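To keep things clear, I will list the structure first and then write my remarks on it.
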Amino acid sequence: MPDDNKPIRKLAGGEDFDGLDRAEPSLPASWYFDRGHYETELARIFYRDWLYVCHASTLAEVRSFRRFDIGRQSILLVRDDDGMLHAFHNSCRHRGSALCTESEGRLKNKLIVCPYHQWSYALDGRLVATSSHAEATDFDKADYPLFEVAVREWRGGVFVALADEPPDFEAGFVRGSDRIENWPMAELVVGHRWHKTMACNWKIFWENFNECLHCPNIHPELCELVPIYGRRISYFRDEPNWALHQDDNDPKFRGGLRGGAETWSTSGRAGGVRFDGLSDEETARGQSYFVSLPSMFIAAHVDYMRTVRILPLGPEETALEVEWLFPPDSLAAENFDLDDVTEFTKLVMLQDAEASELNQRGLQALRFEQGVLMPEEHYVKAFQDWVRQRLQ
Ligand code: FES
Ligand SMILES: [Fe+2]
């Protein structure tokens with residue numbers, strides 16, 4: 001970028017605003033489709049960091065299992081008869097067959113049996129039987145347990161890390177979680193789940209999440225509910241003249257939901273039980289976000305939480321999974337309208353997924369080497385800086 005690039009700040013009352021000063025270069029286009037670069041990102045990011053996989057309530061029963069694909073890795077999660085969660089590479093120690101082909105279910109007995117030659121493993125990973133008539137004298141079953149993967153449960157969320165020595169969980173994930181500490185996430189259960197495979201690189205989804213320049217044309221319904229989004233920003237200080245309106249209580253300037261609305265739902269009304277531990281500010285805000293790169297964000301509302309999980313499947317393929325978390329009492333209530341919540345938020349997520357796919361489709365133009373970030377895209381810049389730093 002030229003050095004004489006003019007600062008774009010128009011300051012009112014001498015106050016600063018949060019936007020970028022300069023037209024910042026976006027990431028190189030090839031980083032969104034080049035297979036070699038994708039492999040580097042898997043190795044340095046997804047095969048190292050703690051990743052969110054699911055809420056523990058989706059694996060509540062003993063012997064329940066789920067399988068997750070992360071890049072080229074397949075991870076099997078299983079709850080043993082003592083209620084302990086275990087995570088393994090989905091790979092048999094005999095000749096490497098996949099152990100599990102279903103995405104989730106419940107084991108019929110307390111063994112994981114390889115579908116190829118039927119070696120059997122206990123739910124803690126120990127090899128308990130082979131299918132051979134006689135085992136070699138120097139063969140010891142104790143030498144062939146399933147390959148274990150680090151697993152943690154935190155506030156009802158289940159996380160895995162594929163690294164041999166995973167990074168510190170507290171330093172990585174828990175930092176910043178005070179944003180949602182008043183929500184009883186561990187006591188909630190998944191009322192609905194939705195999965196979509198998006199034809200885009202995983203970074204495209206995060207970049208879209210990190211800006212609201214797209215909001216008025218991509219999300220007309222959401223902009224009606226959250227009027228500040230209709231101005232292409234998500235926070236009042238994201239525009240240079242914010243101080244002119246700093247005493248204006250209109251949600252268009254202040255943020256928060258439109259008058260009369262309580263939560264993100266089609267009707268705008270909150271159904272079921274409301275969380276009683278929230279501050280007035282958290283209630284007024286309408287939505288609170290907690291982000292844990294690279295795999296998830298949480299949107300917390302007055303009556304439910306939503307986890308949004310991103311896992312890469314290929315350079316131009318990303319798995320999106322959304323969980324809606326409610327207090328059990330809400331789901332049990334007779335007049336509770338689950339669709340009022342899920343249909344609205346699914347519409348917004350689908351709009352974002354389609355926008356991400358649209359973005360991906362233009363990236364391979366021969367002349368397109370990289371994009372440029374506008375002042376409101378400072379969170380996109382922060383995300384891209386995080387990626388650059390992880391790849392150093
Ligand atoms: S590969 Fe699993 S039993 Fe042979
Ligand atoms: Fe969006």
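Quick notes on this one:
- Local net charge near residue 180, Cβ-Cβ under 10 Å (Lys/Arg +1, Asp/Glu -1): -1
- Pairwise Cα distances in the stretch 50-166 exceed 21 Å in 35 percent of cases.
- Compared with the direct C-alpha span, the chain from residue 224 to residue 134 gains 25.4 nm at full extension, assuming 0.36 nm per residue.
- In this structure, the pairs whose alpha-carbon distance is over 30 Å, taken from 252/381; 108/346; 108/141; 141/196; 110/196, are 108/346; 141/196; 110/196.
- From most to least packed by mean Cβ count within 10 Å, the peptides 260-270, 274-284, 371-381 give 371-381, 260-270, 274-284.
- Ranked by the mean number of other Cβ atoms within 10 Å of their residues, highest first, the peptides 150-156, 63-69 fall in the order 63-69, 150-156.
- Segment residue 217-residue 21, extension gain: residue separation times 0.36 nm, minus the distance between their alpha carbons: 68.0 nm
- Computed on the stretch 237-392, the Cα convex hull volume stands at 161 Å³ per residue.
- Table column - 3J(HN,Hα) (Hz), the stretch 216-222, Karplus curve with 6.51, -1.76, 1.60, x for Gly and Pro: x, 7, 8, 10, x, 5, 5
- Highest to lowest packing among 234-244, 204-214, scored as the average C-beta count within 10 Å: 204-214, 234-244
- Kyte-Doolittle mean at least -0.5, axial Cα span of 18 Å or more - DSSP H helices of the chain: 338-362
- Residues of the stretch 131-165 falling in the label zone of residue 118, defined by backbone nitrogen less than 16 Å from a point 7 Å along Cα to beta-carbon, are 131-135.
- Compactness of the chain, taken as the C-alpha radius of gyration over 2.2 N^0.38 Å, stands at 1.10.
FYI, it's all coordinate maths here, none of it is from the lab. The model shown is predicted, which means the values in this text are computed figures rather than measured ones. A quick note on method: Cβ atoms are made from the backbone with ideal geometry, for glycine too, and the neighbour counts reach across all protein chains shown.
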